[in-house]
Each structure stands twice: as C-alpha cells, then as structure tokens.
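The values are calculated or read from the model by the stated rules, or taken from the named source; none is laboratory data. Quick caveat, the model's predicted, so the values are computed rather than measured. Here Cβ is always computed from backbone atoms with ideal geometry, including for glycine, and neighbour counts include all displayed protein chains.
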C-alpha cells in the first residue's frame, strides 16, 4: 500500500513537472531562426472587455508579424486595432515598437496590445 502511494506521488509530481515545462515552452517556439511568442500567459493587461493575447513572430531582433488571438473585445473596434496597430509593428525593430500609436475609439484595447507587445519582446530578449 505504501509502495502504491509513493509511486502515485512520484507519478503525480513528474506529471506536474512535465506540465510546467510544456506550458513554459509553449510561450516561445523557435524554427529556422524565427521565434514565435504567445502572450496568452505572459500578459494579463485587460483591454475593454478582457485580455488581448497575441502571437508575435520575431527574426533577427525584428518584428516579422503580429496576430491577435481570440479575445472578447468589441469586434468593430478591435478590427481597427488589427488593421492599423498590428500591421504597423510588422518589419519594425525592437527599439521602435513603443512608437506605435493607439487607435482612436479603441484606446483600452490598444493599450492592452501595447502591453502584450512589451511583454513578448521582453520574454524574447530574456529567453532567446
């Protein structure tokens, strides 16, 4: 009986460690010199109706692409954020990422996107 409890505890602990490793590795992946950062667990800055997680693709310290993940923001306003803000980041060097302006009418969503970008680039610099 004690042996089964010990084995069960070891199995539970090893599963927990594996889950932690898996979730942290899901934050950033690397393929052929291109890094992809998922901000879902990095940034909890709330926009108008919730968090605004992003997928940020980086290569050679340059932002290649930014995509919005599913969120609860108002579609009419957040579509403007996607069209204007997220596109403005593409091709940008890191030191200029904070120069992208908020979208009028979608200020809270825009600020949440800016916070996600800051966390994504901070994570990339620390873990690349």
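Total residues in segment 29-72 satisfying the condition of being under 14 Å from residue 128 (Cα atoms) and out of contact with any helix residue (DSSP H, G or I) (no Cβ under 8 Å at 6 or more places or on another chain): the figure is 10. Would you pick out the residues in segment 90-100 that are touching a residue at least 12 places away in the same chain (Cβ under 8 Å) and surrounded by fewer than 19 Cβ atoms within 10 Å (Cβ to Cβ)? If the condition is that a residue be touching a residue at least 12 places away in the same chain (Cβ under 8 Å) and surrounded by fewer than 19 Cβ atoms within 10 Å (Cβ to Cβ), then 90, 91, 92, 93, 94, 97, 98 are the ones that fit.
Please give the strands (runs of 3 or more DSSP E) falling wholly within segment 16-83 in which 2 or more residues are at pLDDT 95 or above and surrounded by 18 or more Cβ atoms within 10 Å (Cβ to Cβ).
Details: elements: 28-31, 34-38, 54-59, 62-68.
Once the strands (runs of 3 or more DSSP E) in segment 16-83 are filtered for at least 2 residues that are at pLDDT 95 or above and surrounded by 18 or more Cβ atoms within 10 Å (Cβ to Cβ), what remains is 34-38, 54-59, 62-68.
With the structure loaded, tell me whether residue 61 is more than 17 Å from the chain's Cα centre (by Cα) and more than 16 Å from residue 27 (Cβ to Cβ) or whether it fails that test. No: the conditions fail for residue 61.
How about segment 90-108: which of its residues are assigned to a helix (DSSP H, G or I), in contact with a helix residue (DSSP H, G or I) (Cβ under 8 Å, 6 or more places away or on another chain) and over 21 Å from residue 29 (Cβ atoms)? Outline the logic, then answer.
Start the filter on segment 90-108 by keeping residues that are assigned to a helix (DSSP H, G or I), which leaves 94-99, 107-108.
Restricting the remaining residues to those that are in contact with a helix residue (DSSP H, G or I) (Cβ under 8 Å, 6 or more places away or on another chain) gives 94, 97-98.
Selection gives 98 alone.
The selection criterion, being more than 12 Å from the chain's Cα centre (by Cα), in a helix (DSSP H, G or I) and closer than 14 Å to residue 28 by Cβ, holds for residue 125.
The residue list 87, 111 contains one member that is surrounded by fewer than 16 Cβ atoms within 10 Å (Cβ to Cβ), at pLDDT 95 or above and either assigned to a strand (DSSP E or B) or out of contact with any helix residue (DSSP H, G or I) (no Cβ under 6 Å at 6 or more places or on another chain) (or both), which is 87.
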